[in-house]
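*Asks:* Okay, here's the structure, questions in a sec.
The values are calculated or read from the model by the stated rules, or taken from the named source; none is laboratory data. The structure presented is a predicted model; accordingly, all values stated were derived computationally and were not measured. Cβ sites come from the backbone with ideal geometry, for glycine too, and all protein chains shown count toward neighbours. These accessible areas exclude ligands, DNA and RNA; they are computed on the full protein's heavy atoms, side chains included. Shrake-Rupley method; radii C 1.70, N 1.55, O 1.52, S 1.80 Å.
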Amino acid sequence: SLCKRSLEYIQASEDAFNKGLYNASGLMSQISAELAIKATIAFLGYSFPETHEIRKLLSTLSSLALKDKIATFVRDKRSELILLEDARQRGQYFSYGLEKEDAEICLNTAKEIIELVKEVWGDKWCSG
């Protein structure tokens, strides 16, 4: 399921980070966060937008659940979310990749997103 893949990618991101593979870690953090949000939108019975933009996905989710909590999270974590979104391109294509600090922010932000969406699932988290 998308949910289980999200957890695989966050584990792989941690492993890559611990090995000093910061571009790979940032990229996998972005994928993990994206899949966690998409899995949650699908869990609620809706189609998710075909985008890699974390903030757009969170906006869609906030129209379905946790509206105020997600809005506050997006407002408070704006710069971290932008970095996480950019990690996909920076980690793969750009000449300036991700430094350790960037990768750490991406990893922590993805983990926070997973914790946030778990609230929607309750005790059914990753059970499908």
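*Asks:* Below 11 angstrom from the Cβ of GLU53, what's the summed charge of the other residues (Lys, Arg +1; Asp, Glu -1)?
*Replies:* So the environment of GLU53 carries a net charge of -1.
*Asks:* Taking 26 Å as the cut-off for C-alpha to C-alpha distance, list the pairs among LYS67/LYS118; LYS56/LYS111; LYS19/LYS118; LYS19/LYS124; LYS56/LYS118 that go past it.
*Replies:* Table pairs above 26 Å Cα-Cα are LYS19/LYS118; LYS19/LYS124.
*Asks:* Run the accessible area of the chain with a 1.4 Å probe and give the carbon-and-sulfur part as a rounded percent.
*Replies:* On the way: 3280 of 6800 Å².
Percent of accessible area from carbon and sulfur atoms in the chain: 48.
*Asks:* Please list, by residue number, every one of the chymotrypsin sites (Phe, Trp or Tyr not before Pro) in the stretch 1-54 that is coil in DSSP and has at most 15 other beta-carbon atoms within 10 Å.
*Replies:* Listed in order of number, the matching sites are TYR46.
*Asks:* Next up: Where only protein heavy atoms count, and the probe is 1.4 Å, what is the accessible area per residue for the stretch 1-109 in Å²?
*Replies:* Heavy-atom accessible area per residue stands at 53 Å².
*Asks:* Right, something else. Calculate, in nm to one decimal, what ASP15 and ARG75 gain on full extension: separation in residues at 0.36 nm each, minus their alpha carbon distance. Present the calculation step by step, with values, prior to reporting the outcome.
*Replies:* Values: separation 60, 0.36 × 60 = 21.60 nm, distance 2.92 nm.
So the chain would gain 18.7 nm between ASP15 and ARG75.
*Asks:* Given a Förster distance of 22 angstrom, what is the FRET efficiency for ALA65 paired with SER1, based on the Cβ-Cβ distance and rounded to 0.05? Kindly include the intermediate steps, with their values, before the conclusion.
*Replies:* Working: r = 18 Å, r/R0 = 0.84.
Calculated transfer efficiency: 0.75.
*Asks:* Can I ask one more? Given a Förster radius of 30 Å and the C-beta distance between GLU50 and GLU99 as r, what FRET efficiency does 1/(1 + (r/R0)^6) yield to the nearest 0.05?
*Replies:* Between GLU50 and GLU99 the formula returns 0.50.
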